[in-house]
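Colleague: Sharing a structure with you now.
All of the numbers you see were taken from the coordinates with simple rules; none came from a lab. Being a predicted model, the structure only gives us computed values, none of them experimental. All Cβ positions, even for glycine, are placed from backbone atoms using ideal geometry, and neighbour counts span all protein chains on display.
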Amino acid sequence: MEREKCGEDITKIKYTRKEYLEGKASFEEYYRQFVNEEIKTAVINRIGIERILMSKDEHLNDIPLREWDDIAGFKFYGSRMVESPSSIPWNIGDKLECAGEGFSSATATCILKQASRMLKEYALIVGKKNNSIKK
């Protein structure tokens with residue numbers, strides 16, 4: 001279901017997957033709309049703000065993919081991926097559906113990484129105000 005089919009749920013999303021793929025929204029703009037406090041809390045608890053701040057890769061690829069998958073509730077056994085209990089109550093199904101997006105380990109990783117970037121941005125702003133974080 002895409003935005004025009006969501007009725008009152010239209011306010012839950014700003015961009016559809018189609019609009020994102022057409023270049024009408026950046027990665028940040030698209031995935032930011034799915035981030036909530038529970039997701040940010042899970043990132044802080046599982047990855048930690050220190051590791052996010054120390055990341056040297058703009059895409060956070062120096063944090064292993066399996067860690068992102070694990071937070072999202074996907075485990076790998078050899079080459080086989082299975083769903084497992086997630087540390088996040090993924091209560092964003094309506095938003096994903098209205099955006100025309102599915103839930104997968106890839107989608108979850110994108111959302112988690114966007115949440116991490118938001119946390120890093122906030123920490124750097126607060127740190128600069130408090131003069132406690134050096135980039």
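Colleague: Given the -39500 (n - 2.57) contribution per DSSP H run of 4+ residues, what per-residue ellipticity at 222 nm results for the chain, rounded to the nearest 500 deg cm²/dmol?
Modeller: -14500 deg cm²/dmol
Colleague: OK, next. Can you name the helices of the chain, as whole DSSP H runs, whose Cα span along the helix axis is 18 Å or more and whose Kyte-Doolittle mean is not below -0.5?
Modeller: Span-like helices in the chain: 105-130.
Colleague: Going by C-beta contacts inside 10 Å, put M81, M54, M118 in order with the fewest on the left.
Modeller: M54, M81, M118
Colleague: Hey, what's the Cα Rg ratio for the chain versus the globular rule of thumb, 2.2 N^0.38 Å?
Modeller: 1.11
Colleague: Show which aspartates and glutamates lie in cross-link reach of K12 when reach means a straight Cα distance below 17 angstrom and same-chain residues fewer than eight apart are skipped.
Modeller: Qualifying aspartates and glutamates at Cα under 17 Å: E2, E4, E28, E29, E37, E38, D94, E97, E101.
Colleague: In nm, give the distance between the simple-model label positions of L53 and S86, each being 7 Å from the Cα along the Cα-to-Cβ direction.
Modeller: Simple spin-label model gives 2.8 nm for this pair.
Colleague: So how do 38-45, 58-65 stack up, highest first, on mean other-Cβ count within 10 Å?
Modeller: By packing density, highest mean first, the sequence is 38-45, 58-65.
Colleague: Ok, one more. How about the chain: what cysteines have no other cysteine beta carbon under 4.7 Å from their own?
Modeller: C110
Colleague: Moving on. For S79 and L124 in one chain, what is 0.36 nm times their gap in residues minus the Cα-Cα distance, to one decimal in nm?
Modeller: 12.4 nm
Colleague: Using the crude model of +1 on Lys and Arg Cβ and -1 on Asp and Glu Cβ, and no other charge, please compute the dipole size for the chain relative to its Cα centre, in debye to 20.
Modeller: Using only the charged Cβ atoms, the result is roughly 580 debye.
Colleague: Explain nothing, just the number: relative contact order of the chain, from Cα pairs under 8 Å at least 6 residues apart, as a whole percent.
Modeller: 33
Colleague: Still on this model: For the residues Y30, Y122, Y20, what sequence is obtained by ranking on other C-beta atoms within 10 Å, fewest first?
Modeller: Y122, Y20, Y30
Colleague: Taking one equal scatterer on every alpha-carbon of region 56-122, how large is log10 of I(q)/I(0) by Debye at q = 0.27, 0.28 1/Å?
Modeller: -1.27, -1.29
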